[in-house]
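Shown next, in structure tokens, is the structure this report addresses.
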Amino acid sequence: MFDARRLIDGLEVTLDADVLAGAYPDRDTPEPWPDVLAGHGIRAGAVASLRAALFDVVSGNDETLGLAAPHVPVGVVDLRDPLRAARELERLAEAGRRAVRLFPDEQGVEAGFPSVRHVARRAAALGLTVLTGGDVRRFWRPFAGLGGNVVFLDTHFYHLGDFLVAAADEPGFHTSTRLLNSPDALETVAAELGADRLLFGSRAPYYEPAVPLLRLATGGLKPEEITAVAGENARRLLA
């Protein structure tokens, strides 16, 4: 039987930019995220709370804000309530957090809603890196022209061309590697924009980390680029 783990041996991911703590009410609860990371040799995660995204922002954020190093807590706001979201961004910034995650799909929010632009502007003004779900072909627009750092967590290799042309004019635009599983997607981003625009992400424990790990380990990036993608870039933006 083919064992992909032997191809991943030697790859050290020092910070996974896309980790979720908690449960979805309509999905089976997987293994605890620390166990999933440890089982795949991933040293640390940038962790956001599903409780904050789906139920209660403040208590959910408080749970993850207490995470110990080397893990990195990522705040969450509710895009359905932009005024409270802006206040929560200020609270996160005052607590020394550097990143906030947006869950537009789970919260039923579209890219053109005024709330998204409002939160994007406030996050940029506070110097917070935004990690956002959603289709990059639509969700690039509310962040354009603000000068902030944004990581698009759901960039699919089918839509990579759209990310590349949007990011060419926006030096703060970055992408997760999670869905960039075509034969040359990572290499194309590195060639067009630089490997510093790529952050390893797995969405553990709700997705299988082996696929993005295998793609990063067996692709054509240079060793120093792999090291950057595997954690240095995320730590620069999030920690």
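Assorted remarks:
- Region 43-70, residues that are small (Gly, Ala, Ser), in a helix (DSSP H, G or I) and open to solvent by 10 Å² or more (accessible area, probe 1.4 Å): Ser59
- Within region 29-42, no residue satisfies the criterion of being more than 26 Å from Asp9 (Cβ to Cβ) and part of a helix (DSSP H, G or I).
- When residues of region 10-34 are limited to those that are without any contact (Cβ under 8 Å) to a residue 60 or more places away in the chain and of a type outside the set (S, T, N, Q), the one least open to solvent (accessible area, probe 1.4 Å): Ala21
- One residue stands out in region 182-210 among those that are open to solvent by 50 Å² or more (accessible area, probe 1.4 Å) and modelled with pLDDT of 95 or more: the one that is farthest from Gly134 (Cα to Cα), namely Ala191.
- Region 211-239, residues that are within 19 Å of Arg98 (Cβ to Cβ) and either polar (S, T, N, Q) or open to solvent by 40 Å² or more (accessible area, probe 1.4 Å) (or both): Glu232, Asn233, Arg235, Arg236, Ala239
- Pair list, Cβ < 9 Å and 6+ apart or interchain, from region 144-168 residues that are on the phi > 0 side of the Ramachandran plot to residues that are of a type outside the set (Phe, Trp, Tyr) and surrounded by 14 or more Cβ atoms within 10 Å (Cβ to Cβ): Gly145/Glu170; Gly147/Ala124; Gly147/Glu170; Gly147/Gly172
- Out of Phe173, Phe143, Phe157, sole residue that is closer than 24 Å to Leu15 by Cα, among the aromatic types (Phe, Trp, Tyr) and touching a strand residue (DSSP E or B) at 6+ places or on another chain (Cβ under 8 Å): Phe173
The values are calculated or read from the model by the stated rules, or taken from the named source; none is laboratory data. Just so it is clear, the model here is predicted, and its values are computed rather than measured. Heads up, the Cβs are rebuilt from the backbone with ideal geometry, glycines too, and the neighbour counts pull from every protein chain shown. Only protein heavy atoms, including side chains, enter the accessible area calculation; ligands, DNA and RNA are left aside. Shrake-Rupley method; radii C 1.70, N 1.55, O 1.52, S 1.80 Å.
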